[in-house]
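The values are calculated or read from the model by the stated rules, or taken from the named source; none is laboratory data. Not measured: the values here are computed from a predicted model. So basically every Cβ, Gly included, is an ideal-geometry build from the backbone, and we count neighbours across all protein chains shown.
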Amino acid sequence: MHALHLRRENTLIDLHSFPIEKRVRVGRWPRNCAKFASDHDACEHSPVTRRVYLCNLTYRKQGMPLAGSQGRPCDDPSVCAKRAPMHDVDSKVVNAAIRSEIRPVLRDQGFSRFTARTAWRFSVGRVEVVNFQSFNSYNASVIGCTTHSFSVNLGSYLTTVPDFWRQVKRHGTLLLPQEYQCHLRSHLFRSLHQPELPRRDIWYIGSQGQYLSEAVQDVKGAILSRGVAWFHHLRDDAEVLRILKGHAESDDLWGFGNNPSPMRSLLSGYVGLSVGEHDFAKASLRAAAESPSFSSVRKELEAAILAAG
């Protein structure tokens, strides 16, 4: 067991006798984090973000570092994490893990706008969305997971389809659709073994943060192995039109409606125009215009039909 002290003006203070309420809280560590540090070579390594915190138990208000410690990284984070005291986590802890581990991967893939749980990428004719979906207490109890668990949803928004009702949020000229507003949608599946939850489209996170580090690593792999290819496949308007013409919605791809349906007709019309299939596009737009679902924008659809020649 290592002796823990704070140095203040050449005076050593025994940290174990220091009032708990005045001990430093590093990141999200609980107030008894001094005990954890003493259990593992006075080293603090977060089991959630895997971030090494400098200066073991720095008393920030007074700027008093531990005597004889340089805040070195942990030699074995997994051991350090296992010895960490377990306390209930909240959404901020999960958000921090997503931000530190997932956001750099998405930036490398060209995503440029972020909130705590959603990322957007902008390309010609598309806005691509990655979203971490959480669950309220009722849904979590029905599913059999915790409110910290999440699914990872993908969305491809076709900017060639007008946003008639101005429902999509904007930032300047940028469209920022939510994943559920996208025309083409899917989700990722985990490869991480989690016996607590049979469903593979949800990453189970324990109430005390169990699996969080492993889950975000697994999500990174899923994004790079399946997510990147999914978005790339749907960048081609000709391929999207082929899907709209003959494919049913599935667990891998949905959001564009049954065949036939007013929504599928609308999407087929505008995607058909973008690839030059004007006759098919006009027939699809006419079917959409005749539907009560789009009665409020019938004039706009008829104008698009006339413009198609």
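Among what's in segment 184-203 and is part of a loop (DSSP other than H, G, I, E, B) and touching a Phe, Trp or Tyr at 6+ places or on another chain (Cβ under 6 Å), pick the residue that is surrounded by the fewest Cβ atoms within 10 Å (Cβ to Cβ). This residue is Glu196. Taken as a whole, the structure places Trp254 among residues that are in contact with a strand residue (DSSP E or B) (Cβ under 7 Å, 6 or more places away or on another chain), surrounded by fewer than 15 Cβ atoms within 10 Å (Cβ to Cβ) and either modelled with pLDDT of 95 or more or not assigned by TED's automatic domain parsing to the domain that holds Ser149 (or both).
Out of all the residues in segment 105-135, which are aromatic (Phe, Trp, Tyr), assigned to a strand (DSSP E or B) and either touching a strand residue (DSSP E or B) at 6+ places or on another chain (Cβ under 6 Å) or outside the structural domain of Val219 (by TED's automatic domain parsing) (or both)? Those that are aromatic (Phe, Trp, Tyr), assigned to a strand (DSSP E or B) and either touching a strand residue (DSSP E or B) at 6+ places or on another chain (Cβ under 6 Å) or outside the structural domain of Val219 (by TED's automatic domain parsing) (or both): Trp120, Phe132. For segment 237-275, a residue qualifies if it is in contact with a helix residue (DSSP H, G or I) (Cβ under 9 Å, 6 or more places away or on another chain), closer than 20 Å to Gly125 by Cβ and without any contact (Cβ under 8 Å) to a residue 12 or more places away in the chain, and the qualifying residues are Glu239, Gly257.
Put simply, of Ser296, Ser291 the only residue that is farther than 18 Å from Gly246 by Cα and either touching a strand residue (DSSP E or B) at 6+ places or on another chain (Cβ under 9 Å) or touching a residue at least 40 places away in the same chain (Cβ under 8 Å) (or both) is Ser296.
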